[in-house]
Amino acid sequence: MFLQSGEYISRLTSDTLGLGLNSTAKSKQVTISDRNTYTKQNIYNATLQGDHQLADNFRFNWSGVYSLAKRDQPDRTDFSFDQNTVVNSSGGIVSRDSNDVKLTHHWERNSDKDLAGYGNFTYTPRIAGRNVEFQFGGMYRHKTRSAYYISYSLGTTSNIFYHGDLNSLPFVFASQNDATGAYNAASTNDYSATENINAEYLQFKFNLFDKLQLLGGVRIENTWQNYNTAEPVTFPQRNGTISYTDVLPSIHLKYQLSDIQNIRLSYFASVARPGFGEVVPYHIDGEYYDEIGNPYLRHTTANNYDLRYELFPGGADQILVGAFYKDITDPIEYFVVRDGASPSKQDIQPQNAASGAKNYGAEVQFTKYFGLVGVSANYTYTHSRITTDKLLYYNDPIKGLQQGLVSQSRPLQGQANNVGNVSLLFKSNKIGLDMQLAFVYTGERIAQVSPYYNLDYWQHPLSQLDFSFEKTIYKKISLYGKVNNLTNAASKIYLKYPHGNIDPKQQEFLNKQDIANQTMVQSDIYKISFLAGLRYKF
Amino acid sequence: MTGQNLKEMKKLYIPLIIIAAALLFGSCKKWSAEHRDIYDYKLPAANPISADKPLSCSGTGSTIITAKGTMLSGKTYAVEGGCDLVINATDTLIMQPGVTLNMGGNSSLIVLGTFVSNGSKNQPNYITTPGITKMDAPSQVTAAKDPAFSAVWKGIIGGPTCKLMVLRWTHLEFAGATEGDATSKIAGSGSGNQYTLLFANYKGNFIMEDSWLYGGNDDPMRISAGQVAIFRNTFEKAGFTGGDCVNVKGGTVGTMAYNMFIGTATNGQKASNKGQATGAPQTNIVMYNNTFVSGGYRQTQTGRGACINYEEGARGMFYNNLAVNCKFGFRVVGSPAADVAHLSYGYNYQYGDSVKVTNQFYPTGYVTQPQTTDFPSITYSANYLPAGYKPGDVYDGTDVVRVGNPQFLNFPLPTSGHPLQDYSAIYNFNFHILSTSPLVGKAYTGFQPLIVVPLDPVYGLSEATPPGSDIGAYQLNGKGNQH
């Protein structure tokens, strides 16, 4: 398979909000922030697989995957400009000024190569009068990436006003020295990285009694990651090699209560490994925060316990009820961290929480058809807890203003306590029509962990309604379509801090607040989206 | 000769005789002076550093030159371009009086241990770039072309383990190049930093006395945290298109006094508690008897300060300061607010040649509370700070334009011929005051400096000059700023 995409984006932003930030008395009236990008992506993919019956009860299947992804983004150009006005007591404009006139050029490209091979042997002998299935095999995966990045910024030496003509602005390097090419913002963004993973497993499946099936095994995963940046020898973290081995046992018990009912009990260990995109100490300019990598990031391991009851009354109908418990070591979350010696600069960095996390909960799933029309629903409740140190800025009666550390427990980043969805389904092979109306509810969850006590960014519960259909028009040709977000639900992010308590001078920028004891900091409105297409099946 | 004449002669002679006797006695004393020539032994400097060839990192495969020991009086040292001269956390580098250290392009001095530049009045030290001719006459050159802002070398970076840094009778010039990834990683600082001097250890001591700072790029002096004493220094053309000259952040405690600032990009002295680290104290700075001339004009962003500024949780006091033709007056910020409950001020003097300046004596939009001890008097006229004036209000400063000329020894006031911002360096001006100056005897001396650094002639602050009775940095009695 070969896929090429070219994407041009021209983004013009005029932000009429603003804060009297950086200790100035100005009211920021307009912030213009424009961006032009061209991104070219090439993806090649090839898969080869085989299945061999080696003997009556001995099978071998294998697959090999090769893929190459290239991404080239030459000269991403960002232009930003603030215009401030000074207003008198009656709101009239006394004077205006310009600020932060900046033109930034980024050049980046990267290439990712992925080679993977999988092989599985299945041996099904009869032992002690029962069918036993042994499976063993392994996989090997070799991934490489090379990334190139350079960026430079131009500014102006005086208050210039922008009236729509970029070429008329006299851009210069911010310092005479920056123009010599001696300074590269972050050579850590120039890197090559390799990841090799091999895994071997052994698994068995047999019925201990007629109604009790036992599936168990162990899997060993070896991970080796290496990266090299363009930084000099004096740069700690300039290169690194990380390797680890995980032994992952699992056991699944399935007890057949009747032909249509099962009870399952399982335990398994699992890993989630950070990609080299998180481990390399890169530093990428983000829109609100810069993002940095973390070579000391450990991979996440978890012990998972599940209990589940299943009922299959017939057809596609089913009812599932379950409970789960996960004990997570070294969960990875994205924290906001202080950067270097600058008091104002904060970055987002993936980190492990030392305390680990514990999630437990219950889930219910249900599907029922009434002729051509069906209803499917599921609901999961998760109680998630992790404890991390947070900064608290407080006024000590003797020492004055102080900053201390306080432990705070909260759900894992991104983990909602309530998640549910209900779908109405229509399926008719006779007229070749498939339709689905889906309602998805995601409860409140932490969008971004703050370094400060009680100031995490919470994403408000989100309810979304989507519709999709597929209709066969003629033999192998079908028409399909999707209409997403029918109710135009907004994604809103809040601080759990009463907005009335915020500095009076900045209150005027907090309009449209809708929850008294919280502060809305972001509201994204996506509107309804439509997608339609024709599909031809060979 | 009549008796009358004789009497007059006597009248004349007696004093003459007394004078002659005094001269004779004096001469006798001179004749009787003794001479001694006794052998004295001075211990040799430990680990003297050779000035025979430049300190170089070439061929080592890295940018690092580690240094400890003594740079010897009278010698000129050079650091090769692109190298980082590092004083390790357990080491000390001391510069004897009369040392010149020439910094190559994009070089830096990273202090992870102890650094003392022990210049003296007669033998000042230089940390500079050679071969640059200063262009300091008013309007001689535009800021964009002024070599003061050439930012040749990166600066002195006091890292998070720097225990002590002393700059005494030392010139710092032409620094402010961007640190970059590699240098900032070694110093534990920030790659985008463009400071002539950074100090970033709230447990460490930073002392700067009787020194000079010239040019720079961003904040010429950024104290991220530290125990500081900044006494009797002169700052010229500090910062290019932005930057507060002495900018202290959360966790900084100490005193700034008798400093002279001319032509700073933004503020001369700024205190903020922003970024206070866990365990670090609240920023608490006492500022007194400082002089600010033509500050704030090169800042391209608007609404910034120009002389003294307290903001975001900083506490302290400021008294006896003089601001002449600064773009904004003494500024107390209300959002994010300074610790106004623990901030006291008064006896501050301002002079402005234009109404644009006097309209901002109490900057619009901030919370500086006019004090009855301020000059010009806050009741100078019915228009200037009228009844019902609240801090931050717009008012008409027309009546106080050119009121209260501070009477410098040699500086044209009112200015003429050049825009206010073009008076950006000391040049051949002299900001000492005439005995007839209205500044004389008007200052407040009923408070103490906040001294948290060690007092020591070499490894500390050699003189903590108490508040002086004349407003500004120069005292008629010869105390204060010695430049």
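Tell me whether region B:208-226 contains one or more residues that are surrounded by fewer than 24 Cβ atoms within 10 Å (Cβ to Cβ) and within 14 Å of chain A (Cβ to nearest Cβ). No, that holds for no residue.
Condition first: surrounded by 15 or more Cβ atoms within 10 Å (Cβ to Cβ), more than 14 Å from chain B (Cβ to nearest Cβ) and under 30 Å from A:Arg535 (Cα atoms). Can you find one or more residues in region A:490-508 that meet it? Scanning region A:490-508 turns up no residue that is surrounded by 15 or more Cβ atoms within 10 Å (Cβ to Cβ), more than 14 Å from chain B (Cβ to nearest Cβ) and under 30 Å from A:Arg535 (Cα atoms).
Being closer than 30 Å to B:Thr445 by Cβ, at pLDDT below 95, in a loop (DSSP other than H, G, I, E, B) and under 25 Å from the mean Cα position of the chain (by Cα) is a condition met by no residue of region B:419-427.
Checked against (1) surrounded by fewer than 19 Cβ atoms within 10 Å (Cβ to Cβ); (2) under 14 Å from B:Ser107 (Cα atoms); (3) within 14 Å of another protein chain (Cβ to nearest Cβ), B:Gly61 meets all criteria but (2).
Among the residues of region B:256-291, those identified as assigned to a strand (DSSP E or B), buried (at least 24 other Cβ atoms within 10 Å of the Cβ) and more than 8 Å from every other protein chain (Cβ to nearest Cβ) are B:Met256, B:Ala257, B:Met260, B:Phe261, B:Ile262, B:Gln269, B:Lys270, B:Ala271, B:Ile285, B:Met287, B:Tyr288, B:Thr291.
Restricting region B:306-330 to residues that are out of contact with any Ser or Thr (no Cβ under 6 Å at 6 or more places or on another chain) and within 12 Å of another protein chain (Cβ to nearest Cβ), the residue that is surrounded by the most Cβ atoms within 10 Å (Cβ to Cβ) is B:Tyr310.
When restricted to residues that are closer than 17 Å to A:Thr382 by Cβ and within 23 Å of the chain's Cα centre (by Cα), region A:296-323 contains 4. Selection of region A:351-392 for residues being over 29 Å from A:Arg298 (Cβ atoms) and outside any strand (DSSP E or B) yields A:Gly371, A:Leu372.
Mind checking whether some residue in region A:110-123 is in a strand (DSSP E or B), farther than 25 Å from A:Thr37 by Cβ, touching a residue at least 12 places away in the same chain (Cβ under 8 Å) and in contact with an Asp or Glu (Cβ under 8 Å, 6 or more places away or on another chain)? The answer is yes; a qualifying residue exists.
Within region B:252-265, residues that are farther than 27 Å from B:Asn477 by Cβ sit with their Cβ atoms under 6 Å from residues that are of a type in the set (S, T, N, Q) and assigned to a loop (DSSP other than H, G, I, E, B), at 6+ positions apart or across chains, in these pairs: B:Thr252/B:Thr283; B:Gly263/B:Ser294; B:Gly263/B:Ser424; B:Ala265/B:Gln299.
Does B:Gly295 satisfy the criteria of being crowded, with 24+ Cβ neighbours inside 10 Å and within 10 Å of the chain's Cα centre (by Cα)? Criteria not met by B:Gly295. Within region A:209-235, the set of residues being within 23 Å of A:His283 (Cα to Cα), away from every other protein chain (no Cβ under 14 Å) and in contact (Cβ under 8 Å) with a residue 40 or more places away in the chain comprises A:Gln225, A:Tyr227. Of everything in region B:431-483 that is of a type in the set (Gly, Ala, Ser) and surrounded by fewer than 17 Cβ atoms within 10 Å (Cβ to Cβ), the residue that is farthest from B:Pro124 (Cα to Cα) is B:Gly446. Among all residues of region B:345-359, there is none that is free of Cβ contacts under 8 Å to residues at least 40 places away in the same chain, part of a loop (DSSP other than H, G, I, E, B) and of a type in the set (Ser, Thr, Tyr).
For region B:332-347, the condition of being in contact with a helix residue (DSSP H, G or I) (Cβ under 7 Å, 6 or more places away or on another chain), surrounded by fewer than 24 Cβ atoms within 10 Å (Cβ to Cβ) and of a type in the set (Phe, Trp, Tyr) holds for none of the residues. In the condition set (1) surrounded by 15 or more Cβ atoms within 10 Å (Cβ to Cβ); (2) in contact (Cβ under 8 Å) with a residue 40 or more places away in the chain; (3) more than 14 Å from chain B (Cβ to nearest Cβ); (4) out of contact with any helix residue (DSSP H, G or I) (no Cβ under 9 Å at 6 or more places or on another chain), A:Gln73 is compliant with all but (2). Could you check, for region B:360-375, whether at least one of its residues is more than 23 Å from B:Asn290 (Cβ to Cβ), free of Cβ contacts under 8 Å to residues at least 12 places away in the same chain and among the small types (Gly, Ala, Ser)? Scanning region B:360-375 turns up no residue that is more than 23 Å from B:Asn290 (Cβ to Cβ), free of Cβ contacts under 8 Å to residues at least 12 places away in the same chain and among the small types (Gly, Ala, Ser).
Selection of region B:227-252 for residues being more than 11 Å from chain A (Cβ to nearest Cβ), under 23 Å from B:Leu450 (Cβ atoms) and part of a strand (DSSP E or B) yields B:Gln227, B:Val228, B:Ala229, B:Ile230, B:Phe231, B:Thr234, B:Phe235, B:Val246. Scanning region A:153-166 for residues that are in contact (Cβ under 8 Å) with a residue 24 or more places away in the chain and either surrounded by fewer than 16 Cβ atoms within 10 Å (Cβ to Cβ) or within 11 Å of chain B (Cβ to nearest Cβ) (or both) yields A:Ser153, A:Gly155, A:Thr156, A:Asn159, A:Ile160, A:Phe161, A:Leu166. Within region A:396-433, the set of residues being among the hydroxyl-bearing types (Ser, Thr, Tyr) and either at pLDDT 90 or above or closer than 23 Å to A:Tyr379 by Cα (or both) comprises A:Ser407, A:Ser409, A:Ser423. Listed by first and then second residue, the pairs linking a residue in region A:328-340 that is within 14 Å of chain B (Cβ to nearest Cβ) to a residue that is among the hydrophobic types (A, V, I, L, M, F, W, C) and assigned to a loop (DSSP other than H, G, I, E, B), with Cβ atoms under 9 Å apart and 6 or more places separating them unless they lie on different chains, are A:Arg338/B:Ala277.
A single entry from B:Ile157, B:Ile132, B:Ile110 fulfils the requirement of being in a loop (DSSP other than H, G, I, E, B) and either under 21 Å from B:Arg298 (Cα atoms) or in contact with a helix residue (DSSP H, G or I) (Cβ under 8 Å, 6 or more places away or on another chain) (or both): B:Ile132. Quick one: how many residues across region A:258-291 are away from chain B (no Cβ under 14 Å) and part of a strand (DSSP E or B)? Total satisfying the criteria: 14. Would you say B:Asn118 is out of contact with any Leu (no Cβ under 7 Å at 6 or more places or on another chain), away from chain A (no Cβ under 14 Å) and within 21 Å of B:Phe206 (Cα to Cα)? Spelling it out, B:Asn118 is indeed out of contact with any Leu (no Cβ under 7 Å at 6 or more places or on another chain), away from chain A (no Cβ under 14 Å) and within 21 Å of B:Phe206 (Cα to Cα).
Taken over region A:250-307, residues that are over 30 Å from B:Ser191 (Cβ atoms) and of a type in the set (D, E, K, R) amount to 4. All conditions in (1) modelled with pLDDT under 85; (2) within 39 Å of the chain's Cα centre (by Cα); (3) surrounded by fewer than 15 Cβ atoms within 10 Å (Cβ to Cβ) hold for A:Ser98, with the sole exception of (3). Just to be sure, is B:Ala200 facing another protein chain (nearest Cβ under 7 Å) and crowded, with 22+ Cβ neighbours inside 10 Å? The answer is yes for B:Ala200.
The values are calculated or read from the model by the stated rules, or taken from the named source; none is laboratory data. None of the values given here were measured: they were computed from a predicted structure. Note: ideal-geometry Cβ built from the backbone for every residue, glycine included; neighbour counts use all protein chains shown.
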